[in-house]
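Colleague: What follows is a structure written as structure tokens; I'll ask about it next.
The values are calculated or read from the model by the stated rules, or taken from the named source; none is laboratory data. Keep in mind it's a predicted model, so treat the numbers as computed, not measured. All Cβ positions, even for glycine, are placed from backbone atoms using ideal geometry, and neighbour counts span all protein chains on display. Each accessible area value is taken on the protein alone, full model and side chains, heavy atoms only, with ligands, DNA and RNA left out. Shrake-Rupley method; radii C 1.70, N 1.55, O 1.52, S 1.80 Å.
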Amino acid sequence: MAKFSGNEGRLISSLEVKELRSPHHALEKNIKARGENFIQAEFFGLNTFKKLIDPLGKDCVGFRVYYGAQHEDHDGEEVVIGKGKHTSRLIIVPVDANGKDISKGAGLKDMPANDDAMAGGPTCPSHCN
């Protein structure tokens, strides 16, 4: 496997952003017709990124973004997790130079698991302008 340098990916124009988002937006009616929440985007704060990667030092050269899903109720002021509609979500995991997800290890039976990834950012259309 190739080594990662931290320079992977590419910068794109706002026009390309629009072109990439368009096919997903075209699916909104189908997603809602299946009884799922339609999510355009999620926001993740810079301070949360720092809390995730600062303890890792130079081991973290980038992030892998996984697609996930859970049931969420978006009808009230706060999102209620565990009930409601199927909702696609992003999971952001730090990655080392060998392309391996960085995990500090799962918690033991009576100990909490470590904060190894980010998820659950505020979603659009509910929390965006």
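Colleague: If we scan the stretch 63-83, do we find a residue that is touching a Ser or Thr at 6+ places or on another chain (Cβ under 7 Å) and of a type in the set (S, T, N, Q)?
Modeller: yes
Colleague: Would you confirm whether any residue within the stretch 44-57 is surrounded by 12 or more Cβ atoms within 10 Å (Cβ to Cβ), under 28 Å from residue 102 (Cα atoms) and β-branched (Val, Ile, Thr)?
Modeller: yes
Colleague: Tell me the residue from 16, 36, 72, 77 that is touching a His at 6+ places or on another chain (Cβ under 8 Å) and of a type in the set (D, E, K, R), please.
Modeller: None of the other options fit; the residue is 36.
Colleague: Moving on. What is the number of the single condition among (1) farther than 25 Å from residue 17 by Cα; (2) open to solvent by 50 Å² or more (accessible area, probe 1.4 Å); (3) at pLDDT 90 or above that residue 91 does not meet?
Modeller: The failed condition is (1).
Colleague: Next question. Just for the stretch 62-72: of the residues that are open to solvent by 40 Å² or more (accessible area, probe 1.4 Å) and in contact with a Gly (Cβ under 8 Å, 6 or more places away or on another chain), which one is nearest to residue 117 (Cα to Cα)?
Modeller: 70
Colleague: Could you tell me which numbered condition residue 120 fails, if it satisfies all but one of (1) open to solvent by 40 Å² or more (accessible area, probe 1.4 Å); (2) at negative phi?
Modeller: All conditions are met except number (2).
Colleague: Hey, another quick one. Out of 39, 31, I need the residue that is open to solvent by less than 50 Å² (accessible area, probe 1.4 Å), assigned to a helix (DSSP H, G or I) and either closer than 19 Å to residue 127 by Cβ or among the charged types (D, E, K, R) (or both). Which one?
Modeller: Sole residue among the options that is open to solvent by less than 50 Å² (accessible area, probe 1.4 Å), assigned to a helix (DSSP H, G or I) and either closer than 19 Å to residue 127 by Cβ or among the charged types (D, E, K, R) (or both): 31.
Colleague: Identify, please: which residue in the stretch 14-28 is aliphatic (A, V, I, L, M) and in a helix (DSSP H, G or I) and is, among those, farthest from residue 41 (Cα to Cα)? Steps first, answer last, please.
Modeller: Pass one, the stretch 14-28, residues aliphatic (A, V, I, L, M): 15, 17, 20, 26-27.
With the extra rule that they be in a helix (DSSP H, G or I), the set shrinks to 15, 17, 20, 26.
Working: 15: 17, 17: 12, 20: 13, 26: 14 Å.
Top of the filtered list is 15.
Colleague: Does the stretch 89-106 include one or more residues that are closer than 22 Å to residue 6 by Cα, hydrophobic (A, V, I, L, M, F, W, C) and assigned to a loop (DSSP other than H, G, I, E, B)? Before the answer, list the steps.
Modeller: Going residue by residue through the stretch 89-106, those that are closer than 22 Å to residue 6 by Cα are 90-104.
Next, only the ones that are hydrophobic (A, V, I, L, M, F, W, C) stay: 90-93, 95, 97, 102.
Remaining after also requiring assigned to a loop (DSSP other than H, G, I, E, B): 97, 102.
Yes, the stretch 89-106 contains at least one residue that is closer than 22 Å to residue 6 by Cα, hydrophobic (A, V, I, L, M, F, W, C) and assigned to a loop (DSSP other than H, G, I, E, B).
Colleague: I would also like to ask the following. Kindly indicate whether any position in the stretch 66-80 is more than 17 Å from residue 122 (Cα to Cα), in a loop (DSSP other than H, G, I, E, B) and touching a residue at least 24 places away in the same chain (Cβ under 8 Å).
Modeller: Of all residues in the stretch 66-80, those more than 17 Å from residue 122 (Cα to Cα) come to none.
The answer is no; no qualifying residue exists.
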